1. Of ASP677, ASP242, which has the most accessible area and how do the rest follow, probe 1.4 Å?
2. As an exercise, use a Förster radius of 41 Å and the Cβ-Cβ distance of ASP564 and ASP349 to find the FRET efficiency, rounded to the nearest 0.05.
3. Out of the stretch 585-667, which GluC sites (Glu not before Pro) are coil in DSSP terms and have no more than 15 other C-beta atoms within 10 Å?
4. Using the beta-carbon distance between ALA424 and ASP196 and R0 = 41 Å, what value does 1/(1 + (r/R0)^6) give for FRET efficiency, to the nearest 0.05?
5. Can you give the calculated 222 nm mean residue ellipticity of the chain, where each DSSP H run of n ≥ 4 adds -39,500 (n - 2.57) and the sum is split over every residue, rounded to the nearest 500 deg cm²/dmol?
6. On a 1.4 Å probe surface of the protein chains, which of GLU480, GLU116 comes out largest in accessible area, and what is the full order?
7. Can you work out the PRE-style zone for GLN439? Point 7 Å along Cα to Cβ, and I want the residues of the stretch 365-389 with backbone N under 18 Å.
8. I want to check the label-to-label distance for ASP674 and ARG119. Put each point 7 Å from Cα in the C-beta direction and report it in nm to one decimal.
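The values are calculated or read from the model by the stated rules, or taken from the named source; none is laboratory data. All figures in this text were calculated on a predicted structure; none of them were measured in a lab. A quick note on method: Cβ atoms are made from the backbone with ideal geometry, for glycine too, and the neighbour counts reach across all protein chains shown. Ligands, DNA and RNA are excluded from the accessible area calculation, which covers all protein heavy atoms including side chains. Shrake-Rupley method; radii C 1.70, N 1.55, O 1.52, S 1.80 Å.
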Amino acid sequence: MACESFHKRAAHLGWTTAAILATGACGPSTTDFHVAYAEIVAEEDARGEIGLERVRAHLGSADSLVRAAAVRALGRLEEPPLRGEISPLLGDPVPAVRAAAATALAQSVFGSDPGEVTRLLASRIPEETDPAALGALATNLGRLTLETPDHRAAAATALTTASARLLSLPGDPDLLARLGLARGMEAFARGGQAGDTLPLALAAAAASLARLTLPPGDPNAHAAARIRRTAAAALVHLGQLDEEAALRLLQDANWGVRRQVVLGTNRYGTALDDIIPAALDDPDPRVRVEAVRAHHRWLRSAHGCDAIIEAVGDPDPDVAAVAIGLLGRPCSDMEAQVAALRERVAELDAGWRAPSRALHALAALVPGEVAGDVGRLARHANPFVRAWAARAAGQAGIADVLAELADDPDPNVREAALQGLAAAGGGGGGGGVLGRVGQDDPQLVMTAVRQISRPGHDEKPLPALFAALARFTARERETERDVRVAILDAIGAMGGFSSDDLAPYLTDFDPVVADRAAALLNADGGDEYEAAPEGLPRTPPPDAARLAELERSTVVLTMAGIGDIVIALRPDLAATNADRFARLASEGYFDGLTFQRVEPNFVIQGGSPNANEYSGDGPYSRDEISDHPHWRGTVGLSTRGRDTGDGQIFVNLADNLRLDFNYTIYGVVVEGMDVVDAVQEGAVIERATVVRR
């Protein structure tokens, strides 16, 4: 790619991140910027444990891109006292640095009282002359944690001022300012409480942006569609998309805008009889998914389930899956409902996903009539099918199948059977529930621990719990924190332990486990115990040469029987996580793994060795929060709380702005979104390949 075309493409991606991406993409493979950026990444990843000397030094760099990366690093530490070092860069002579400072300032108080940050951001609005930087101010004002009426009023006033100023400024050829304003309004509206509204002037601005349309051939037509979707979402969040506007937007050429209309109807019941039937016939399955959900909520009781039953036969598997799930509750015409589900169950030989879901729904409706099909699915070669059989057996109370599946070779099947046995009042299979505590899969052990912790359980679990805790601890995997914390919580609830039992965990490698052990030992008010975690060595962050290599790399996921997903790495957004993703791909880590989670209109998630939420690569990686939105096609880091990345990935199927500033993005799908859309539960990653551009 020529330098000129690369920089032109980068300019459309965002403020700070676009500038960083452009650096080093042309010319020498490793630049002075890469050297400085590597220093910043190393100190940021260490979370201050090795100091912030280089980050602070780079705040005064002559290179604006280095200043932007340095101020972003301070914000990512999420330490409110650092706002005093961040705020001076709101006045930087370069707009991209000012935008980065606005993001960093808001991130420094993430999830907490914004304090002076609201005022600091608002005070810049009258002075800001660059449209994109003004858009960044609007985005970050809207996304602050605004829990008090005074904070919300101040932010609303500032957003209104920004809106009036922005729309009167010349420029904004790439619509970045308007996109920033739309993002700010959407985040502000999403963070509101019941009864909140956008001020009239701000609501009018949102309505205006929701009508922003450019001709299909215009290079910014795609950006305009994003703005319409985002502005419409802002109006939907607070119920300010009226019937007339909703019906007009339902005719929009962009499916994402039409989907927002249906989401608004589902939330508030707007124009039900006009919007839901039209949306059920929409040419795009992503709109039909929301229409089926809206019909279930608002029209099912009065109109019956005919529309949902029809959707069971939809050619799109996501629409069909949603409809099948909704048929797990009785309809007025239950005979037709059961017949539709039985018809899908009978299609097992043509593909397992819809029949498995249909059997689960059928088991809830006619539990006495599914034993034969449940037994058939319980013997299927695919463990995903057997897990669905276990869930269906749990619905129907088929104890013998559950007992058999509780000893299945696959841990997810065993876990599903254990859940079913608990619901049916049975045991844990051949080994009993307590026997499951001695197994290796974290999710399975967590389920067993929860069951034996319930009052009235007749097994004596304390020795087994301590043995499991010691076994998982010896593996020294940060990514098994959840199961160890669950075991400690169970031990604490049961009591009967001594200080000698828990004292070794005061110096655990995981500070969360060490703190939990200290809390349990201090609960009786006797001796005072203090956690002193020792920690594990961190994975070395990428150096300058590696950063230069990563920005020219893609990861190709070859999906068995479907096609290729090509992911451009974004080390400019998340250096350490892009590095790990590429490293794992080159080592063959993902080969043969699956996408175990598919949520229509949300994400696909995969890359777990055990195909569940609690199994992944260790140690944890740190979050690297950026200003890049979670647009459809962005690739993110699956986590279970701050700094808990375990190598699992997710791909956004729609614009998921509620994930912004909370989850790490380290790649973007540049080819193969049709393949992403075709991924269903259990789809296999045949291989992952790193390709240098």
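1. Working: ASP677 55, ASP242 90 Å².
Output order, biggest surface exposure first: ASP242, ASP677.
2. Values: r = 28 Å, r/R0 = 0.69.
Once rounded, the FRET efficiency stands at 0.90.
3. Passing both the DSSP loop test and the Cβ count: GLU587.
4. Working: r = 45 Å, r/R0 = 1.09.
The value I calculate is 0.40.
5. Details: 35 runs with 365 residues, N = 693.
Theoretical 222 nm ellipticity from helices: -15500 deg cm²/dmol.
6. Details: GLU480 10, GLU116 85 Å².
Greatest to least solvent exposure: GLU116, GLU480.
7. 378-389
8. Distance between the two pseudo-spin positions: 5.6 nm.
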